[in-house]
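To start, the structure under review is shown below, and the notes come after it.
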Amino acid sequence: MSEATEKKPAKVVLKELQDKIADDAWEAKKRGEKVGWCASNFPQEITTAMGIPVVYPENMGAAVGAKGGGQRMCEYAEGMGYSGDLCSYSRINFAYADLKKCEELEIPFPDFLLCCNNICNCMIKWYENLALELDIPLILIDIPHLDQYECDEDRIKYIRAQFDDAIRQLEEITGKKMDYDKLKSVMEVSQRSSQAWLRAVGYMSAKPSPFSGFDIFNNMAVACVGRGTVEAAEAFEQLADEYEALVAEGKSTFKGDENYRILFEGIACWANLRFTYKTLQSRGINLTASVYGPAFSFLYSNLDELMAAYSYVPNSNCFERELELRVVDAKKNKVDGAIFHMNRSCKHWSGNLYEMERQFREQTGVPTIVFDGDQSDPRAFSEAQYETRVEALVEIMEENKRKEAQA
Amino acid sequence: MKYIDELKNISENPRAAFEGAIASGKKVVGVMPYFCPEELVYAAGMLPFGLWGAAIQANDSKRYFPAFICSILHTTLEMGIKGQLDDLSAIMIPICCDSLKGMGANWEYGVGNKVPVINVAYAQNRKIEAGVGFTASQFRKIRKQLEEIAGNEITDDALAKAVTVYNENRDAILCFSKAAATHPKEISAQTRSAVLKAGYFMDRAKHTEMLREITEELSALPASDEGYLKIVTTGILADMLGFLELIDKNNMVIADDQIAQESVGARTQTPVTEDPILGMAQRLSDIEGCSVLYDLGKFRGKQLVSLAQEAGAAGILFVLTKFCDPEEYDYVPVKRMTDAAGIPMLQVEIDQQMKNFAQAESALQAFAEMLRER
């Protein structure tokens, strides 16, 4: 058997890596080590370098939604008094924190909490409540929303002070010391992972794209939480190599012909993932642009730049920068249309979505649709609405292609 | 009672106050909730004008915000799009909740650049030195923006005077609120709200003068709260007439409040510092009892229990602004804390676009009956 056939595909390696990160946390908990619950965009460099196991309630919220438990858990949280208007990830997490069990997925209970609000301020309120409920320490790194294009010195100074303070607090809580040489090497590995991730998603610009764009939603979990490890860097490099090979052969893992290419804006509807994917795939629509591509890369060359990089995550930027991310990505990846998810869970992401959709349409010249949904609560999603709007999008994209062919 | 009608008029018709200020040649800067550095506007010789939404129907704003954003933002944007705020020299928008983060761009594209946006960022990690430093850095940036708009420098002296004016106003608000708590016959819930709200649309020094006068008059009168049910309110705002009527109708008196638009900001004075900006930033670190500010340990709940106990309140009304995430998160732990303290709390969901308060009426009536039977 050749080496090539023996090697596991990168997506399997990534899935195993994701499982390993979760298993390691369970094992650490059993050994009596302190384990944290961590916000998805908290600087992972700190915990990775200190060897502190953390798990991610947001990832749990997505997984529970995808496995069909979203509505049940959300309803339980609503029974506790939480409004159905709140983020469904947080509702699932509140239910889990109270029930201490979840048939779809469980994560070890935390000894401390790591919060970062660069994606939204609702993280702060969510973790405030957890800290009170579980009576454990909470460390917050506040990354103020950017009201200008660049992250300036005032912000960097503020974030850096909190970064240093978080290390100090974690040292006290866990008894583990920060090794600054290790931090440097984790930062280097994170760059390697980020570059490889960027190279992998960059192949979406090929026609056909070498993969189904919905795979991004699966692979980004490791990009988000494990990118400071050598294993992740290697897995992303392997992923990029595999895509490169597919592009060279003109092949794709997307099932069927890639008739149309779209940008998908927003978090996936995990509870309706199959339907949302199949509705597109059955019409030959492939997702070839998503903000998770360019924006989950965290590029920096020193600690100050690291602080700034965490200000540039999706949703933390000013509107103009957010728009530019989408427009550049859509043009580079040659999309024929775009689908905007009005996510009932996320007031931050939804607050400018109508204007984003208008300006995106004007700047790219491609047709767009908006549909209502939710990241993990299926009650906010309507199959009929989604399908009707996708059909309308297909009609316009088809007409555009016909006109293009005539021209 | 002296000044009451005048303040009611201002509160019910802020447009007249706005137009009056413009006609007098004064520049006006819109100030959205929460905790913008109004003193800078005042020190620049301009009028800070509170923008807490309005009891109007939002239509055009729905081209920008989805329906599930609070009415404060919807109706403020609606007024902007309709050109009703064109005479503002600028609008200050803090970015302290997820919905407010979208307001700046929606204003910019919905209203246009005739009313420039001044974004107000401040630290959520506000108890640490770096947090105070960051807030101060942002206030300094805003100071420069306001100087350009005003066309004059904001001197430290002028700023120190503005800080004093605002501190005195905060004290006057608390004194008035205390006096009103024992005089519901003279100061109904509707009147109390109007008197406090008027301050957002007028010179704070004048507001202080009027509040002091009213408080003095009330203090000279015997208490009139016998038979009234003492309650404490908590939330973002509680100025909807339909809602206030229900409080009056059920013979309730607001013994104290933890409402962002009313006493929350008033409880915290700006420390007098050599550099007034530092004192203003420090105040942000000291404010308690508001859901949009980082609150480790949920001091809000503890403060609410204390307020209710000190006021001898029979119950608490959690006045929930519809679609307000921070409030919806706070409700659960705050309710647990008030339950643990044995103080009944009722949640009433309100919206500035509401015309029918039938549901709130039934709930409030039942709550009042329950409290009276205890």
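FYI, it's all coordinate maths here, none of it is from the lab. Values in this document were obtained by computation on a predicted structure and should not be read as measured data. Glycine also receives a Cβ, built like all others from the backbone with ideal geometry; neighbour counts cover every protein chain displayed.
Annotations for the structure displayed:
- Surrounding net charge for residue B:374, when Lys and Arg each add one and Asp and Glu each subtract one, Cβ distance under 15 Å: -1
- Degrees between helix B:358-373 axis and first principal axis of chain B (Cα, 0 to 90, nearest 10): 50
- Cα-centre dipole for segment A:28-178 with unit charges at Cβ (Lys and Arg positive, Asp and Glu negative), debye to 20: 660
- Within 10 Å of the Cβ of each residue in A:144-154, the mean number of Cβ atoms contributed by other protein chains is 5.
- Ordered by the count of other Cβ atoms within 10 Å of each Cβ, fewest first, A:253, B:268 give A:253, B:268.
- Per-residue mean of foreign Cβ neighbours for B:116-129 is 4 (Cβ atoms of other chains, 10 Å radius).
- Comparing A:99, A:323, A:140 in a Gaussian network model of chain A where C-alpha atoms under 10 Å apart are linked, the largest mean-square fluctuation is found at A:99.
- Cross-link reach list, lysines versus residue B:26, counting only Cα pairs under 26 Å and skipping chain neighbours closer than eight places: B:8, B:82, B:114, B:141, B:144, B:161, B:197, B:206
- Listed residues A:252, A:382, A:212, most fluctuating in chain A (Gaussian network, C-alpha, under 10 Å): A:382
- Neighbour counting of Cβ atoms within 10 Å sorts the residues B:143, B:300, A:91, A:274, fewest neighbours leading, into A:274, B:143, B:300, A:91.
- Cα-based Kirkwood hydrodynamic radius, chain A, one decimal, Å: 21.9
- Between 0 and 90 degrees, the angle of helix A:70-79 with respect to the longest Cα principal axis of chain A falls at about 50 degrees.
- Whole-angstrom gap from segment A:284-355 to segment B:143-188, using each part's C-alpha centre: 41
- Subset of B:27/B:355; A:8/A:251; B:62/B:101; A:8/A:34; A:8/A:67 violating a 28 Å alpha-carbon distance limit: B:27/B:355; A:8/A:34
- Counted over all Cα-Cα pairs of segment A:28-178, pairs farther apart than 24 Å make up 35 percent.
- Choice from A:32, A:68, A:266 with maximal GNM fluctuation in chain A (Cα, 10 Å cutoff): A:32
- The Rg/Rh ratio of the protein assembly as shown, with Rg taken over Cα atoms and Rh as the Kirkwood radius over Cα pairs, comes to 0.98.
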